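Contents: one structure, followed by commentary.
Values quoted throughout were computed directly from the atomic coordinates according to the rules given, and no laboratory measurement underlies them. Just so it is clear, the model here is predicted, and its values are computed rather than measured. Neighbour counts run over all protein chains shown; Cβ positions are idealised from the backbone, glycine included.
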Amino acid sequence: MIAQARPFAAATVATVMEKDKELASLNEEFPGLDQAIVEALEPLMKDAMTMAIPLYREDLANLYRKNLSVEDANTTAEFWSSPIGSNALDEITIVRSNQSVINSLVAEQNPTTQDLAADDKTTVGRFQAEVSERSKLALIGFYLTDPGKNLFALNPEKQKIDAKWVAYSPPGMDKQIEQVIMVAMTQHIAKTDPELAALMAKNLGLPSSQ
C-alpha cells in the first residue's frame, strides 16, 4: 500500500494539471513543477497510508474472520505469503489503477465502490497485458480453488472497505497538503524566477524565507 504513495501522488498531480489550465500553464513555463509537487506530496501520502494500514487491515481481518473458515483463511495466507503469490501481488501493485478514485478526490468527492470497481476493471486489463505468465497462472490457479472462490465472493464487501480507507486523510492533513504544495511551487519557480517566486510567496502568505 505504501509503495503506491508516489504513483498515487503522480497520478493525482497529473489529473489536477489536466483540469487546472493555470497550473498547467505554470508547469509549461517552469518545467518540472509537477514533479516538484509530487516529491513534496509523497512523504505526506506515505504518512497517511502508514496511519491507515493498521485500521484497513483490521477491517479486512474482521470481514474474513466472519466469512471464511479457518482452513480457507490459512490457505489464502499461505498462497499470498509464498514466493509466487508474493511476486504476483507485487506485480498487481505495479499495474494497479487508482484513476477513478483520483478523479473523485480531485472533484472533492468521496471515492465510492463504483470508483473501486472501475479501477479494478482497468487493473484487470493491465494485468492481462503486463503481468508475467507465471503470475497469471498462479492467480488463476488459486482463484479456481474453493478458498479462492470464497475469497473472490467477498470482493463487493472488500470494495466498501477499500473505499473507506483508500483516501484516508488524518485530521489537519488537508491544510498540510495545501501548504506543502504552495511551498514546493514557490521553491521550484525560485530556481529560475526568484522575483516571481517571492511575489507568489507574499500573495500566498508564505514566510519570505520560502
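As I understand it, the dipole of the stretch 135-178 uses +1 on the Cβ of Lys and Arg and -1 on the Cβ of Asp and Glu, about the Cα centre. Which of Gln159, Gly141, Met173 lies farthest toward its positive end?
Gly141
Compute the helix-to-body angle for 173-190: its Cα long axis versus the longest principal axis of the chain, expressed 0 to 90° and rounded to tens.
With rounding to tens, the tilt is 50 degrees.
Count charges around Ala163 for me, please; just the other residues with Cβ under 12 Å from its Cβ, Lys/Arg as +1, Asp/Glu as -1. Write out the running numbers ahead of the final one.
On the way: positive: Lys158, Lys160, Lys164; negative: Asp59, Asp115, Asp119, Asp120, Glu157, Asp162.
Around Ala163, the surrounding residues sum to -3.
Which order, highest average first, do 112-122, 7-17, 65-75 follow once you tally other Cβ atoms within 10 Å for each residue and take the mean per peptide?
Values: 112-122: 17.0, 7-17: 19.0, 65-75: 13.3.
Output ranking for 112-122, 7-17, 65-75: 7-17, 112-122, 65-75.
Please compute the contact order of the stretch 2-170 in relative form: average sequence separation of alpha-carbon pairs under 8 Å and at least six residues apart, divided by the residue count, as a percent. Walk me through the numbers on the way to the answer.
Details: 134 pairs, mean separation 47.6, N = 169.
The normalised contact order for the stretch 2-170 reaches 28 percent.
Suppose R0 equals 41 Å; then what is the FRET efficiency for Leu196 and Lys121 from their Cβ-Cβ distance, rounded to the nearest 0.05?
Working: r = 43 Å, r/R0 = 1.06.
E(calc), rounded to 0.05, equals 0.40.
Can you tell me the 0 to 90 degree angle between the C-alpha axis of helix 113-130 and the longest principal axis of the chain, rounded to 10?
Here the helix axis deviates by roughly 80 degrees.
Hey, what angle do you get for helix 33-67 against the long axis of the chain, alpha-carbon based, 0 to 90 degrees rounded to 10?
Once rounded, the angle reads 30 degrees.
Can you flag which of Lys19/Lys191; Lys19/Lys158; Lys19/Lys202; Lys46/Lys164 are past 20 Å Cα-Cα?
Values: Lys19/Lys191 25 Å; Lys19/Lys158 31 Å; Lys19/Lys202 25 Å; Lys46/Lys164 17 Å.
Over 20 Å Cα-Cα: Lys19/Lys191; Lys19/Lys158; Lys19/Lys202.
Run down the aspartates and glutamates and flag those whose C-alpha is under 20 Å from the C-alpha of Lys121, throwing out any fewer than 8 positions away in its chain.
Asp90, Glu91, Glu130, Glu133, Glu157, Asp162
Quick one: grab Rg to one decimal and Dmax as a whole number for the chain, Cα atoms only, in Å.
Final numbers for Rg and Dmax: 20.5, 66 Å.
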